[in-house]
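Student: Before anything else, here's the structure in question.
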Amino acid sequence: MTHDHDHDLVLRPTARQVAAALDPPAGRNGGDLVVEALAGLGATTVFGLPGQHALGMFDALRRSDLQYVGLRVENNAGFAADAHGRITGEASPLLLSTGPGALTSLAALQEAAAASAPVLAISSQVPSAGIGGGRHGYLHELRDQKASFRDVVKSVHTVRTASQIPSAIAAAWESALTAPHGPVWVEIPQDVLLAETTLPVVTALDATPHDLVPRPELTAVAAHLLQNAERPAIIAGGGVVRSDASGKLLALAEKLDAPVVTTFGGKGAFPWEHPLSMQSWLEDRHTTDFLEDADVLLVVGSGLGELSSNYHTFAPRGRVIQIEADLGKLESNHAGLGIHADARIALSALLETVEDRRDPSAAERVSALLSKVRERIAGQELTLEQEVLAAVRAALPDDSPSFWDMTILAYWAWSAFDARRPNTMHSAQGAGGLGYAFPASLGAAAADRTRPVLAVSGDGGAMYSIAELASAKQYELPVTWLIVDDGGYGILREYMTDAFGEATATELSRPDFVALAESFGVPAVRTTTESLREDLAKALAQPGPSVVVLPAVLRMFAPTHL
């Protein structure tokens, strides 16, 4: 009886709620139910691009308190929502139109899926009569629009009536924020969005994500293995950052005297200069050897994919314990003790279970490893690249987020850049598409305008996002865009020259980036490697958007996996 009574208290509306529900404001439509549901779930900012079938949603925005940030290309709007979700940890709404508009967002949603970024994509659909493959010839019509997204996103939700809108959006919200985070898809027909509604205003929705808790018998075995290990080591992935578990990771590493390396998606998860920090040199055979030598290896929040395993050359000889929220990644590359759990909850359970373990040699072995890595890099005459990266680090405030495109300087940063704080360094290394950095930085800036944001692109990747200079200026977002201009797709030039003796299709005609930025009203400067630190710091300190162009041909350090 107690449970029934408690349940009754939750469900019984107040007198004020009853009065408001019986007399909803006039002039509302299905689009209002969308924005009311989003506000009721806690959304504050939405990203997107209007289109004919989606106008009901966009018209409703003016009757809401939601902040709208419009980008010029749907894919870029998706990248902005992705970054907003990574920075805030909340589901970031992405409003799209039907057909071409929706499909243009696919590459961004693939990155969000690969990086576990919580994006709530809400697309319009053709009128209800055209859904189901009837082929009525509506503008933007697809035979089955949701089929194009089902293999990319976590879940798909189709709405057919106005009354379904709040529940469908709540279900999608819960899906996006249940570990592992990820993008979700909701589609609503044009006529449902435009139809007038007398449904009550949406005031509150329950969409609490489920906790993913480790099984206690697995925690007990993992704790036993770790505290009795001779040479334990830890690989910390993006799941540690996403679950805000870096403090737990530090405490566990110190309790076990276990060296820690962070993956490229886990940058900042462990203090860079800590005596137990192997930093992020995963594309280095010395690090691979160190990890293979561990008799117990704890992998937290990583699937040990291509980049995290030195291109699948890593072959652990000891016992592997893998804590992973994505069930599909559990033991997908290496057999071991698989624990399906959220990183933060699992690390908390381990902290409560393991006993202290002392190993005075751990810090010495880490120091010796980093010396070997430095010696290897020093032997390759790559001073320019290291100076450029050091200048960027010196100019960027410690708490400022940075977003990196698929470009040579970013590949250096994956291994060699000290992120300093968790959840401040992000790249498109999940799916590996071009054009991520600048639109993503706009999403991060929309989440927090009190600190500058850095975007880093090559000239090739920059051309994917040039249109968003207009968006940056329109909303006066505090983003500085560093464009490293080497006249082409620099990394592909290297790959092709190494593999085939010469490069094809890698050289690019490109604009005067400084003049182009200034044509948008965005201040820009052409810098040199000597003045980069000063020019970048000055740009980051000024309000609104800015561009810094560095003409330079950078080279990658030699790989060790070949």
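The values are calculated or read from the model by the stated rules, or taken from the named source; none is laboratory data. Please read these numbers as outputs of a predicted model, since none were measured by experiment. Glycine also receives a Cβ, built like all others from the backbone with ideal geometry; neighbour counts cover every protein chain displayed. The accessibility values were calculated without ligands, DNA or RNA, using every heavy atom of the protein model including side chains. Shrake-Rupley method; radii C 1.70, N 1.55, O 1.52, S 1.80 Å.
Student: Does anyone have the angle between helix 361-378 and the longest principal axis of the chain? Alpha-carbon axes, 0 to 90°, nearest 10?
Tutor: Helix 361-378 and the main axis of the chain meet at about 90 degrees.
Student: Given a 1.4 angstrom probe, I'd like the percentage of the accessible area of the stretch 173-249 that is carbon and sulfur, rounded to a whole number.
Tutor: Working: 1700 of 3220 Å².
Reported share for carbon and sulfur atoms: 53 percent.
Student: Shifting gears a bit: Please report, in debye to the nearest 20, how large the charge dipole of the stretch 342-424 is about its Cα centre when each Lys and Arg carries +1 at its beta carbon and each Asp and Glu carries -1 there.
Tutor: 140 debye
Student: While we're looking at this one, here's another question. Which distance in Å, rounded to a whole number, links the C-alpha centroids of the stretch 246-288 and the stretch 320-366?
Tutor: 12 Å
Student: Assign unit charges at the C-beta atoms only (+1 for Lys and Arg, -1 for Asp and Glu), then state the dipole size of the stretch 283-329 relative to its Cα centre in Debye, rounded to the nearest 20.
Tutor: In total the dipole reaches around 160 debye.
Student: Using a Cα-Cα cut-off of under 18 Å, which lysines could be cross-linked to Lys154, ignoring same-chain neighbours fewer than 8 residues away?
Tutor: Lys146, Lys329
Student: Using alpha carbons only, how many degrees (0 to 90, rounded to 10) separate the axis of helix 343-353 from the longest principal axis of the chain?
Tutor: Rounded to the nearest ten degrees, it is 60.
Student: What is the distance, in nm, between label points placed 7 Å from the Cα along the Cα-to-Cβ direction at Ala204 and at Met496?
Tutor: Those two pseudo-labels are separated by 6.1 nm.
Student: Continuing with the same structure: Given the rule -39500 (n - 2.57) for each run of at least 4 DSSP H residues, summed and divided by the residues of the chain, what is its mean residue ellipticity at 222 nm, to the nearest 500 deg cm²/dmol?
Tutor: After summing the helix terms and dividing by the residues of the chain, the value is -11500 deg cm²/dmol.
Student: To continue, here is another question. Against the longest alpha carbon principal axis of the chain, how many degrees, from 0 to 90 and to the nearest 10, is the axis of helix 74-88 turned?
Tutor: So the helix axis and the longest Cα principal axis differ by about 70 degrees.
Student: Here's another thing I want to ask about it. Tell me which of Gly301, Ser148, Leu540 sits at the most positive position along the dipole axis of the chain, charges placed on C-beta atoms (Lys, Arg +1; Asp, Glu -1).
Tutor: Going by the Cα projections, it comes out as Ser148.
Student: Could you check what % of the DSSP bridge pairs in the chain are antiparallel, to the nearest 5?
Tutor: 5 percent
Student: How big is the charge dipole of the chain about its Cα centre, in debye rounded to the nearest 20, if each Lys and Arg gets +1 on its Cβ and each Asp and Glu gets -1 on its Cβ?
Tutor: Numbers: 42 positive and 66 negative charges, 97 e Å.
Value, rounded to 20: 460 debye.
Student: Continuing with this model, one more query. Could you please state how large a percent of the accessible area of the stretch 20-110 is carbon and sulfur, counting protein chains only and using a 1.4 Å probe? Can you show the working numbers first?
Tutor: Values: 1570 of 2880 Å².
Using a 1.4 Å probe with all protein chains present, the stretch 20-110 comes out at 55 percent carbon and sulfur.
Student: In whole percent, and with a 1.4 Å probe on the protein chains, what portion of the accessible area of the stretch 414-558 is carbon and sulfur? Kindly include the intermediate steps, with their values, before the conclusion.
Tutor: Details: 3040 of 5790 Å².
Carbon and sulfur atoms account for 53 percent of the accessible area of the stretch 414-558.
Student: Can you give me the C-alpha center-to-center distance between the stretch 135-162 and the stretch 387-416, rounded to a whole angstrom?
Tutor: The stretch 135-162 and the stretch 387-416 have Cα centres spaced 39 Å from each other.
Student: Still on this structure: Might you tell me the accessible area per residue for the chain, computed with a 1.4 Å probe and given in Å²?
Tutor: Accessible area per residue: 40 Å².
Student: Among Ala121, Ala171, Gly133, which residue has its Cα furthest toward the positive end of the charge dipole of the stretch 113-175, with +1 on Lys/Arg Cβ and -1 on Asp/Glu Cβ?
Tutor: Gly133
Student: Here is a follow-up. Of Ile491, Ala269, Pro24, which is farthest towards the positive pole of the chain's charge dipole, taken about the Cα centre with +1 and -1 on the beta-carbons of Lys, Arg and Asp, Glu respectively?
Tutor: With unit charges placed on the Cβ atoms, the residue in question is Pro24.
Student: Please give the FRET efficiency for Leu327 paired with Glu530, using the beta carbon to beta carbon distance and R0 = 35 Å, rounded to the nearest 0.05.
Tutor: It comes out at approximately 0.10.
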